[in-house]
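First the structure, in the form of structure tokens, and then the observations on it.
FYI, it's all coordinate maths here, none of it is from the lab. Predicted model only: the values in this text are computed from it and were never measured. Heads up, the Cβs are rebuilt from the backbone with ideal geometry, glycines too, and the neighbour counts pull from every protein chain shown.
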Amino acid sequence: MAPVLGDEMIGSDFKISGAFKNLYNRQLTQIYEHARNLVSLRKELIFHHPIAQSLHHSIIMQLLDGKLLSEQIKAELAAEVEQIKMQGGKIPHLAAIIVGENPASQVYVSSKIRSCEQVGFKSSLVRCEAATTQEELLAIVQKLNDDPDVDGFIVQLPLPKHIDEEAVTLAIDPKKDVDGFHPVNFGRMAQGLPAFLPATPMGILEILRRYNIETSGKHCVVLGRSNIVGTPISILLSRKGYPGDCTVTLTHSRTQDLPAEVRRADIIIAAIGIPEFVKGDWVKEGAVVIDVGINRIPDESKKNGTRIAGDVDFESVAPHCSFITPVPGGVGLMTVAALMMNTLKACKGEIYGR
Ligand code: NAD
């Protein structure tokens, strides 16, 4: 009986995965139990039951599938690289510098290098010891600035404490700054001029665009004001055009009554670095939720005793949303895809010419 009720209410484009599957199953059992207690099993009665209504909200929720989109983007890039090769053009070349042994940084850099291979880009990885001095690192940056074969490069952050990240970011040639962290690119972005957009906000825009999510006139609440996510995405979504034209509220650690601010949002972008911080009762029905957070938390059910959690409490938030990104499988993969898009733009001279 329960599966019949589920089939009637699921709809064709509903996706069940991970934590949401548990939530869905729990709600389905609940509604089935209640339905069994009803004298009549008429469909209208079931649909108007409060639990059915709450299940209905869950059902219209759609996962924003970063894995699927990033694969689509990489396939598009690979096709373009094939064309370039056939025409004898220059193959895009991304270089990455990593300093020290930070395990998360190792994972991020490897995934960037792997993505280069997938799309047919050339890649170079410069590994530096944790004890590398700032002068030595700046010399490597200069070498990559001067190398005509390297179209773009990144310096994986965070850097060891003895190195000034700002000095290193400033040393990167803005024409090769495919992470979009240099103030020249940031300023150009803010003024709506062609620029390398920072990869994570660019990945978020790509999610909104590819899922045709309406942004014009919407109220977007951004949590977190970092230079690489919160601040740039708040600027980008308030710009004229699509995806943009939002009214944006940028919130941070000093914001008063954060839940009240978040409740006003049509679009929520969480980038604060606190696991499962945004709760279901902060979220307006039908809101779009973009979870940027990548936090490692203890989980005894996992082999290594930990799991990755976002900044959003998925289980309590998902039933209120129209769209939500999972973690993992959401923004993180789109960040890498955006970096690949920027590298191709750099190779083609789309932002600054060749
Ligand atoms: P950050 O860590 O530099 O800064 C955190 C921000 O959150 C600050 O602006 C701070 O004001 C705000 N904040 C902290 N506590 C708060 C509170 N209690 N209430 C409201 N605001 C609060 O930010 P970041 O570098 O943008 O990183 C945020 C999260 O996003 C982290 O989990 C990080 O790992 C993740 N991240 C993911 C990607 C990706 O590709 N998915 C990329 C970058 C960062």
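Below are the figures for this structure:
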item	result
Label point at Asn304 placed 7 Å out along Cα→Cβ; residues across the range 60-91 whose backbone nitrogen lies under 14 Å	none
Table column - 3J(HN,Hα) (Hz), the range 68-83, Karplus curve with 6.51, -1.76, 1.60, x for Gly and Pro	4, 5, 5, 5, 4, 4, 5, 5, 5, 5, 4, 5, 5, 5, 4, 4
Overall form of the range 192-292 per C-alpha gyration tensor (a/c, 1.5; a/b vs b/c)	prolate
Gyration tensor verdict on the range 85-176 (Cα atoms; rounded if a/c is under 1.5, prolate if a/b is larger than b/c, oblate otherwise)	oblate
Cα gyration tensor shape for the range 292-354, rounded if a/c is under 1.5, else prolate or oblate	oblate
Residue exposure sequence - Leu170, Leu137 - by fewest surrounding Cβ within 10 Å	Leu170, Leu137
Listed pairs Lys122/Lys348; Lys74/Lys240; Lys161/Lys303 exceeding 25 Å between Cα atoms	Lys74/Lys240; Lys161/Lys303
Ordering of 337-346, 71-80, 259-268 by burial proxy (mean other Cβ atoms within 10 Å per residue, highest first)	337-346, 259-268, 71-80
Long-range amide H partners of Val248 with built H, under 5 Å	Cys220
Pairwise FRET efficiency - Leu125 versus Gln83, Cβ, R0 = 41 Å, nearest 0.05	0.95
Amide hydrogen neighbours beyond the local backbone of Val126, cut-off 5 Å, H modeled	Ala96, Ile97, Ile98
Label zone at Arg264, where the point sits 7 Å out along the Cα-to-Cβ direction: the range 210-225 residues whose backbone N lies under 18 Å	216-225
Backbone HN-Hα couplings from phi across the range 158-169 [Karplus 6.51/-1.76/1.60, Hz, Gly and Pro as x]	x, 9, x, 3, 6, 10, 7, 4, 5, 4, 5, 4
DSSP bridge pairs, the range 198-330: antiparallel proportion in percent, nearest 5	20
